[in-house]
Every structure is written in C-alpha cells, then in structure tokens.
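Nothing in this text is a laboratory measurement; each read-out follows from the coordinates by a stated rule. Every value quoted in this text rests on a predicted model; they were computed, and no experiment measured them. In this analysis, Cβ positions are derived from the backbone assuming ideal geometry, glycine residues included, and neighbour counts consider all displayed protein chains.
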Protein chains: 2
Amino acid sequence: MNNESKKVSNEVIKRLPRYYRYLGELLKNNILRVSSKELSEKMNVTASQIRQDLNCFGGFGQQGYGYNVESLYKAIGEILGLYNGQKTIIIGAGYLGHALANYKSFENRGFKLIGIFDTSPDKIGKSLNNHEILSMENIKAFVDKNKPDIAILAVPKVAAPEVAQQLVNLGIKGLLNFCYTDILVPDDVSVENVHLSDSLMTLSYKIANKNKHI
Amino acid sequence: MNNESKKVSNEVIKRLPRYYRYLGELLKNNILRVSSKELSEKMNVTASQIRQDLNCFGGFGQQGYGYNVESLYKAIGEILGLYNGQKTIIIGAGYLGHALANYKSFENRGFKLIGIFDTSPDKIGKSLNNHEILSMENIKAFVDKNKPDIAILAVPKVAAPEVAQQLVNLGIKGLLNFCYTDILVPDDVSVENVHLSDSLMTLSYKIANKNKHI
DNA sequence: TAGATTGTTAATCGATTAACAATC
DNA sequence: TAGATTGTTAATCGATTAACAATC
C-alpha cells in the first residue's frame, strides 16, 4: 500500500511504546518541547538513536528547536494505531482474565474491550467489569457480528492451540498470547507473546550471573 | 568471579528460556537426542545461531551425534539458575497478584513462592493459594528473616517507585516489574519488566502496518 | 571407516553511534 | 545573525549466518 516505506526494524517498533510513554509523561507535566538530547538523558538511550528511530516515520522535529511534545506524542500514537479504536476480546475469565479486564491502561490507550469469553458454566453469565462473561459456544456469532480486531488469549496452556486456531478461522487478525506456547498463525495474522515464565527465567539468569555483568 | 567468561549478549540470554522450553517438550516426548538442525527447524531459527548461542556457555554437543536432550535441558536450567530454589514474594494481591500466585509454571520452574503482601485491610489475613496475605507493615521483618531472592511487583503504578525503593533498601536483588513505569535500581539489583501496554501497542502497530511487512 | 554434526573462525549483514551540513 | 538542534550520511560496532576443519 505504502510503497515508499522501507522496512522498519523490530527493534525500532519495540521502542515506540516507550517513547510514547515518556512523551505522555512530559505532556502531563506541561512540557511543550523536548530535544532528542534531553529525551535521551531521561530515557537512558542515545540522542542519535531517538532521531534515527523517529526518522523511520518522518521528520517530526525542527532544527534549532527540537520536538513539539504534543504533536510528537500524537504522531507516535497514530503510528502505533492507537486511535483506531481497536476492538478487543478476552478469552478466558480466570484470574488473568480478571486482571486484564480490569486493566485501566487498556481503555486509556484506545483499545475497546467488547467481550469476555469462557467455557466454564461457573463463570458464564457472571459479570466482569461491566461485561457479561459469554460462552465460547457463542464466539462465532459474536465475532461475525462485532468483528473484533484483537483477541487476548488467557486460557490454560493446553487449550491454547485449538482456541487460537478457532480465532484465526473466525478472521481475527491480532492475538496477544499469554499462554506458554508458541502459536502458529498465517502470515496475515499478528501475534505478540507475553511469556511470564520467560521473563522470570531471564531475571533468574541475571541474578545468578550478576557478577559477570558488572 | 568467572574471569574467563566473555560477556554474553542480551539477545542470547533472552533466547535461553525458549531453548529450555523446546528441550522440555522433546524430553516429555521421550526424544533422547537432537541436532542443531532439527531443533532449528522446530524453533524456526538457524542451526548456526543455536550452536553459537550454546557455545557461549560451553560445548554441550558431540560431533556426528548432536545434543543429548536431557543433559542439555539440565545444563540450560542450571545456567538460568532454575535449580537455586529462588525464593519469591509477590507484592500486591489484586487480580494480577492472584493470577501470579496461582501460576503453576512458577513452582514448575524451581521458584518458591514464600509470601504475598498487600496494604488493603480487606485482603490482609485472607488466604491466597495456601499463603496468608501479609501486611506491607511486616515486610521488613519478613525479608530480614526469610531473605527472598525475587520480588514480583504487582501494585498500582503510583505505588511502584516507593515500593521498589523499599524492597531494594531491604536487600532484594531481583525485581519482576509489572507496573507500567521504569524502575531505577542500583547496579547490583536486576529488574525485568513486563509491560502489558507495550505488548499491546506493539501488536497494535503490527496490525495497523501488516501490509508493510509481507 | 564413512557419514554426520559439532565447535569455531570468517564473512555478511544490520543496528547503533558519531559526525556534520542543513536550517530553524 | 548566532546558537541550537535536527535529518541524514558515514563509521563503527555487534549479531547473525555461512563455511569448514575437527572429531565423534
């Protein structure tokens, strides 16, 4: 579609949310302008990297002045697709599902929670953060009707591959996967994994090998 | 301490848990040996990368044969510090704290949950996965006595910096941070962040820009 | 032994940093 | 205008991949 775009590296993309967060803080503190140098000191990265990263998407700054905080904040939000009102469903109403359903940043960042699903009769029909927990039996009808953009997978690990497959078949194009398994999807579907075990093990490594890194 | 060790890059460290997971699967399926080529096909990485990564820590394979699954699995577990029985506490007994306290992989990977803390009188004294929720007022005494290795931060964002500081002052050397804020710690303390908002935004970007990546 | 596959060195590729002309 | 800071090119650094001798 956009034929002038060169490939933006994954490293850059992973840094965008962090820029967005720091700019949001500045905005909250009524700071109107920031230079790459100032921002780099706050964020503990190089000014050069910030300028390179931003210039993947366009020239947002002004020589001699720096960047307008508000307009850069909005531009990055735009790039991240946060103003698309992405409709989100949560699959699995266990503790993790509860935590996610009550997660404030959700709505704050432009995501709209539109449904929560589970298979357990104990949970179906109950209310969670103003949403009725729906039966997985109704998921097809729901997705056909409401066309969610993102599904958050918070089911037990064993159920993950089947549920993921089902969601992909129904046409969901984005999965946030909390299950401790890699999920195979077609090329036109995006998956982002949150593997708590991996984070915990990485931390464990760092603690165990701290002396080697000082 | 280990003066022959060259610095292991962060990229390599982040991949170790995934190797560990795949080797665990092989082991579960009674597969005794694996070559870097076979593993690379399963994991969708290059065989060269696997061999390079492993050789940061030693020669675990055997020419003409490949790797013994069980001994490599154990070796990586060792490297990750999973057999150190790392004592872990959870700070914050909200939905996220509940999800974490009930997280099975925890104990499966050698971490020992030894305490859960909260500030809310509603929660203190209640039981969570066989642990009594303790008051934050008692944290100093608890840490002094039980010397936990890892603290998982699952408190509201506003409380995060103060609580983190408190934990560091008490001598905790590892923090798993679920709060949406960067935490500043001394050099001898390790922090691993799990920023759900970041993952969600990265996913949002991928969905919004899918066409550019095919 | 012949075949397979490692460990390791060398080549390539990509990401980060530095430098500086352009320009506000 | 002079000073500041960007956008962008060039240099450096590091990570990934390829190649192959060593060896089981």
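Using 7 Å Cα-to-Cβ label points, what is the A:K140/A:Y83 separation (nm, one decimal)?
Between A:K140 and A:Y83, the simple spin-label model gives 3.9 nm.
Set Lys and Arg Cβ to +1 and Asp and Glu Cβ to -1, take the dipole of the protein assembly as shown about its Cα centre, and tell me which of A:N138, A:A93, A:I207 lies farthest positive.
A:I207
According to the Kirkwood expression over distinct Cα-Cα pairs, how big is the hydrodynamic radius of chain A, in Å? Please report the intermediate quantities before stating the final value.
Numbers: mean 1/r = 0.0507 Å⁻¹.
Result for chain A stands at 19.7 Å.
What whole number of Å gives the distance from the Cα centroid of segment A:173-214 to the Cα centroid of segment B:93-110?
16 Å
How much net charge surrounds A:Q63 when only other residues with a Cβ under 14 Å from its Cβ are counted (Lys, Arg +1; Asp, Glu -1)? Mind showing how you got there, number by number?
On the way: positive: A:R33, A:K37, A:R51; negative: none.
Net of charged neighbours comes to +3.
Collect residues whose amide H, placed 1.01 Å from N in the peptide plane, falls under 5 Å from the amide H of A:K112; neighbours closer than 5 in sequence don't count.
For A:K112, the qualifying residues are A:Q86, A:K87, A:T88.
Using only the Cα atoms of segment B:86-198, what semi-axes does the equivalent ellipsoid have when each is the square root of 5 times a gyration tensor eigenvalue? Give whole Å, largest first.
On the way: eigenvalues 70, 50, 46 Å².
Equivalent-ellipsoid dimensions as semi-axes: 19, 16, 15 Å.
Taking all pairs of distinct Cα atoms, average 1/r, flip it, and tell me the Kirkwood hydrodynamic radius of the protein assembly as shown in Å to one decimal place.
On the way: mean 1/r = 0.0427 Å⁻¹.
So the Kirkwood estimate lands at 23.4 Å.
Convert each backbone phi in segment B:101-114 into a coupling constant with the Karplus relation 6.51 cos²θ - 1.76 cosθ + 1.60 (shift: θ = phi - 60°), then list the ³J(HN,Hα) values in order as whole Hz, x for Gly and Pro.
These are the phi-based 3J(HN,Hα) values: 5, 9, 7, 5, 4, 2, 5, 4, 9, x, 8, 10, 6, 10 Hz.
Pairing the Cα long axis of helix B:160-169 with the longest principal axis of chain B, what angle in degrees results, from 0 to 90 and rounded to the nearest 10?
The two axes meet at around 80 degrees.
Please give, to one decimal in nm, the separation of the simple spin-label points placed at B:S120 and B:D188, each 7 Å out from Cα toward the Cβ.
3.6 nm
Calculate how many DSSP beta bridges within the protein assembly as shown are antiparallel, expressed in % of all such bridges and rounded to the nearest 5.
On the way: 12 of 52 bridges.
Among the beta bridges of the protein assembly as shown, antiparallel pairing accounts for roughly 25 percent.
What does the charge dipole of segment B:69-214 about its Cα centre add up to, to the nearest 20 debye, if the Cβ of each Lys and Arg holds +1 and the Cβ of each Asp and Glu holds -1? Walk me through the intermediate numbers first.
Working: 15 positive and 15 negative charges, 88 e Å.
The calculation lands at about 420 debye.
Placing +1 at every Lys and Arg Cβ and -1 at every Asp and Glu Cβ, with all other atoms neutral, what dipole size does segment B:1-155 have around its Cα centre, in debye to the nearest 20? All intermediate terms of the calculation are to be shown ahead of the outcome.
Values: 21 positive and 15 negative charges, 54 e Å.
Charge dipole of segment B:1-155: 260 debye, to the nearest 20.
I want the local charge near B:L153. Using Cβ-Cβ distances under 15 Å, sum +1 for each Lys or Arg and -1 for each Asp or Glu among the other residues.
So the environment of B:L153 carries a net charge of -3.
Say the cut-off is 22 Å between C-alpha atoms; which of A:K87/A:K145; A:K157/B:K104; A:K112/B:K210; B:K7/B:K157; A:K42/B:K157; A:K157/B:K42 go over it?
On the way: A:K87/A:K145 12 Å; A:K157/B:K104 11 Å; A:K112/B:K210 20 Å; B:K7/B:K157 33 Å; A:K42/B:K157 19 Å; A:K157/B:K42 19 Å.
Beyond 22 Å between Cα atoms: B:K7/B:K157.
Just going by the charge dipole of the protein assembly as shown, with Lys and Arg at +1 and Asp and Glu at -1 on Cβ, which of B:L113, A:A164, A:G64 is farthest out on the positive end?
Farthest along the dipole direction, towards plus: A:G64.
Just to confirm the number: angle between the C-alpha axis of helix B:69-79 and the first principal axis of chain B, 0 to 90 degrees, nearest 10?
So the inclination is approximately 40 degrees.
Describe numerically, in nm with one decimal, the distance between label points set 7 Å from Cα along Cα→Cβ at A:Q63 and at B:K104.
If labels sit at A:Q63 and B:K104, their model points lie 6.2 nm apart.
Whole angstrom only: what separates the Cα centroid of segment B:128-156 from the Cα centroid of segment B:12-37?
Answer, in whole Å: 34.
Let me spell out the model: positive unit charges on the Cβ of Lys and Arg, negative unit charges on the Cβ of Asp and Glu, origin at the Cα centre of segment A:10-79. What dipole size does that give, in debye rounded to 20?
I would put it at about 100 debye.
Specify the residue with the greatest mean-square fluctuation among B:A75, B:A93, B:A164, computed from a Gaussian network of chain B linking alpha-carbon atoms under 10 Å apart.
B:A75
Please work out the Cα convex hull volume for segment A:10-79 and give it in Å³ per residue. Don't jump to the answer; show the numbers that get you there.
On the way: hull volume 5.4 nm³, N = 70.
With only Cα atoms used, segment A:10-79 gives 78 Å³ per residue.
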